[in-house]
Amino acid sequence: MTLIETIRKRWLAALAMAVAATAIGAVFGTPNAGRAASEAAPTNTATPTVSGTAQEGSTLTASQGTWTDSPASFAYAWSRCDANGDNCAAVAGAETSSYTVQPDDVGGTLRVTVTAKNADGSGQATSAPTAVVKPAVAANGCPSGTGPIQVADLAPPARLRIDSLSISPGVVTRSSSSVTLKFRVTACGGRPVQGASAFGTPVPYNQFSTGNGTSGADGFASMTLNRLSGFPAARRQHLLAVFARASKPGEPVLAGVSTRRLAAFQVNLG
């Protein structure tokens, strides 16, 4: 065999090996080639949301949010938080996209955490907190429980009551430049009502100014009425009549759960 023939055979053998390697690479691929797109866990681009009314007995529904890298599945976990959406703790067994609000949730908020998974890993995102959860309202319009009531949680046919009225000083005199009116707002069998709009004015109306206030957690509201030129209303006036009203903010003052009362206090003109 000549030198030229030897070189030719070696060249053809090398070429055959190169072609075979190329064919194998085309079929099976080389290590790490073409895998960048699939080797990425889901990333959240729009956080999950919660729809529904945050009230005991209502059902909330979570959206999964928006994710990159084509998640194959989603898992849900609900958490019970404080009124600001902080200090959250997982709700045992609450692991689906819907959740029925429980009595233990009243006064706090709820969040849902969504876990998105694909073949390359998982990612998590948590919703914003719901509104503060309200108690359930019974057919009589009263929220569940035995303690103070937020006026916003009352509904007809429940009605507010003005349980007591007092005035300071206890006896109104010619020297009284102002008086302080105080009354207690309750509902649903004597439970104190917080947040009721309170209004008071003497009758006739030009004796002292009108007053406005808001009932506190104990149900009491107070207001200062300043003396006007119409007091005393008569030379021998013995009583100061006062009209008081309690209502739910945003409702008509003569409808809804509002109430009113007329009381009289002693006057001593000396």
Top-ranked residue in segment 139-174 [being farther than 21 Å from A246 by Cβ and part of a loop (DSSP other than H, G, I, E, B); ranked as most open to solvent (accessible area, probe 1.4 Å)]: R174
Selection from segment 229-256 of residues that are open to solvent by 70 Å² or more (accessible area, probe 1.4 Å), free of Cβ contacts under 8 Å to residues at least 24 places away in the same chain and among the hydrophobic types (A, V, I, L, M, F, W, C): L254
Sole exception among (1) at pLDDT 95 or above; (2) open to solvent by 60 Å² or more (accessible area, probe 1.4 Å); (3) more than 15 Å from S122 (Cα to Cα) for A46, by number: (2)
Strands (runs of 3 or more DSSP E) completely within segment 38-104 that count 2 or more residues being over 25 Å from A138 (Cα atoms): 44-46, 73-81
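The values are calculated or read from the model by the stated rules, or taken from the named source; none is laboratory data. This is a predicted model, so every value here is computed, not measured. A quick note on method: Cβ atoms are made from the backbone with ideal geometry, for glycine too, and the neighbour counts reach across all protein chains shown. Each accessible area value is taken on the protein alone, full model and side chains, heavy atoms only, with ligands, DNA and RNA left out. Shrake-Rupley method; radii C 1.70, N 1.55, O 1.52, S 1.80 Å.
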